[in-house]
2 protein chains.
Amino acid sequence: MKTTSKNLRADERREVTVETVVELAGEQNPSEITTAAIAKRMGVTQGALFRHFPNKEAILSSVMEWVSKRLLARIDKAINKNSSPLAALEAMFMAHVDFVCKHPGVPRMLFGELQGAKDSAPKRMVQLMIEGYSFKLKALLEEGVANGELNPELDTQSAALLFIGTVQGLVMQSLLAGDVKKMRKDAPGVFAIYQRGIRG
Amino acid sequence: MKTTSKNLRADERREVTVETVVELAGEQNPSEITTAAIAKRMGVTQGALFRHFPNKEAILSSVMEWVSKRLLARIDKAINKNSSPLAALEAMFMAHVDFVCKHPGVPRMLFGELQGAKDSAPKRMVQLMIEGYSFKLKALLEEGVANGELNPELDTQSAALLFIGTVQGLVMQSLLAGDVKKMRKDAPGVFAIYQRGIRG
DNA sequence: TAGAAAAGATAGTAATCAATTACTATCTTA
DNA sequence: TAAGATAGTAATTGATTACTATCTTTTCTA
């Protein structure tokens, strides 16, 4: 029984830890999240964390893995629901925005990890995720070009970069306003301009 | 004489401090820049910093002020050189990218400050700067719409957001590649798509 | 050029951090 | 149900942080 047991199993505890970090990252600067803060939110002592993770970096690595898995799965689902590449692109965009709205700490953590000079395990995880993301994105863009939906002379490399940057811009704007939901509201208008830029 | 003097005057020392922080931010995670690291780079002891700044936050505030002044001045110069709004937008974009290339730590610091939950003095400074930036941007966009250069039905709010996001996307890409100069190379292609999205 | 004022050095402080320790509570299963 | 395995606690560690008190050197000025 989950509800009656005081102690969680190791894998459950790891899962809870990861979710707690994602939650905290939505409320404060991710780089200032301490192991003590994580433990407190979980209702557990600080030292207990190190029964399940060798060190703090391993926690962050697990978080990045969690994010990567969930985001890419969402993206895939959005893509597969649409036959047209352009429609799929829009669905992918909205799925991404929706994901970030639900987990506002995620883009902050990603950006934070990328800023670290040394290439840590979590940083490599982020790079890997963006690689996978870009791959799907470029495939859609090239499909659209071949399809005729997109500008035949489209620079797909730049278009992919702009796509990701667009989401990043929405995130930054929501940070400025201190309002996460703003993103969902602004997304359609911004994507409309992007779409106009790549359409055939 | 500057060269012969061992001690700098207070205002000079403050200036050097700010420039050192900007420099360090280009090399490492801004949130991990310690007062000891700043002092070491300046060839001065850590305690000496507190002769010129009441605390660390004041240093960061000064840095943000420095950034704000320099960036907005550059933007203004770029705008004033061009009569056409669309040409001015492009010049503004390139000036911004150029500035970030010269000071790669700047966007990292901005983003980092915005992430802090509490609204500190440096955070307010950043918000003020982006406000000024957006103001100039929207003026140009509206001018372009009135002019006929831009899409008459353009959503200028979204267009402004996308403009800033585009720069942000370039920054992120350069972080991923670990190569700042990549940004300058990618900028024209990305702006071309943006331009296509807003043009009349 | 004396000496006051400014700038910097030296040597600390208290607080906070991730990590580790010795120990206890709880669960599982043979 | 006894015994081993697993999960968590409480206290402490050394390192690092921003910041400060006191002393020394440099620079400016009257």
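Bear in mind these aren't lab numbers, they're just calculated from the coordinates by the rules spelled out. These figures come from a predicted structure and were not determined experimentally. We place every Cβ from the backbone using ideal geometry, glycine too, and count neighbours over all the protein chains shown.
Selection of segment B:22-36 for residues being within 11 Å of DNA strand D (Cβ to nearest atom) and of a type in the set (A, V, I, L, M, F, W, C) yields B:ILE33, B:ALA36.
Summed over segment A:167-178, residues that are surrounded by fewer than 20 Cβ atoms within 10 Å (Cβ to Cβ) and within 7 Å of another protein chain (Cβ to nearest Cβ) total 1. Can you work out which of the residues in segment A:179-198 that are surrounded by fewer than 23 Cβ atoms within 10 Å (Cβ to Cβ), more than 14 Å from B:SER158 (Cβ to Cβ) and in contact (Cβ under 8 Å) with a residue 40 or more places away in the chain is nearest to the chain's Cα centre (by Cα)? If we take residues in segment A:179-198 being surrounded by fewer than 23 Cβ atoms within 10 Å (Cβ to Cβ), more than 14 Å from B:SER158 (Cβ to Cβ) and in contact (Cβ under 8 Å) with a residue 40 or more places away in the chain, then A:VAL180 is nearest to the chain's Cα centre (by Cα).
Here A:ALA87 meets the list (1) more than 10 Å from DNA strand C (Cβ to nearest atom); (2) within 14 Å of chain B (Cβ to nearest Cβ); (3) in a helix (DSSP H, G or I) almost entirely, failing just condition (2). Can you say whether B:SER68 is touching a residue at least 40 places away in the same chain (Cβ under 8 Å), in a helix (DSSP H, G or I), small (Gly, Ala, Ser) and more than 16 Å from DNA strand C (Cβ to nearest atom), as far as the supplied structure shows? Here the answer is yes, as B:SER68 does meet what is asked. Condition test on A:ASN80, is it more than 14 Å from chain B (Cβ to nearest Cβ), of a type in the set (S, T, N, Q), over 30 Å from A:PHE135 (Cα atoms) and more than 12 Å from DNA strand D (Cβ to nearest atom)? No: the conditions fail for A:ASN80.
Yes/no matrix, rows are residues, columns are (1) within 14 Å of chain B (Cβ to nearest Cβ); (2) within 23 Å of B:GLU113 (Cβ to Cβ); (3) more than 9 Å from DNA strand C (Cβ to nearest atom):
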residue	(1), (2), (3)
A:GLU15	no, no, yes
A:GLU23	yes, yes, yes
A:ASN29	yes, yes, yes
A:THR35	no, no, no
A:LYS40	no, no, yes
A:HIS52	no, no, yes
A:ILE59	no, no, no
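Only one of the numbered conditions (1) in contact with a Phe, Trp or Tyr (Cβ under 7 Å, 6 or more places away or on another chain); (2) within 12 Å of DNA strand D (Cβ to nearest atom) is violated by B:PHE93, and that is (2). Looking only at segment B:52-73, count every residue that is of a type outside the set (A, V, I, L, M, F, W, C), more than 10 Å from the chain's Cα centre (by Cα) and more than 8 Å from DNA strand D (Cβ to nearest atom) and tell me the total. Counting residues in segment B:52-73 that are of a type outside the set (A, V, I, L, M, F, W, C), more than 10 Å from the chain's Cα centre (by Cα) and more than 8 Å from DNA strand D (Cβ to nearest atom) gives 4. Looking only at segment A:110-166, which residues are more than 10 Å from every other protein chain (Cβ to nearest Cβ) and among the hydrophobic types (A, V, I, L, M, F, W, C)? Selection gives A:ALA121, A:MET125, A:LEU128, A:MET129, A:PHE135, A:LEU137, A:ALA139, A:LEU140, A:LEU141, A:VAL145, A:ALA146, A:LEU150. Which of the residues that make up segment B:179-200 are outside any helix (DSSP H, G or I) and either in contact with a helix residue (DSSP H, G or I) (Cβ under 6 Å, 6 or more places away or on another chain) or facing chain A (nearest Cβ under 9 Å) (or both)? B:VAL180, B:ARG199, listed by residue number.
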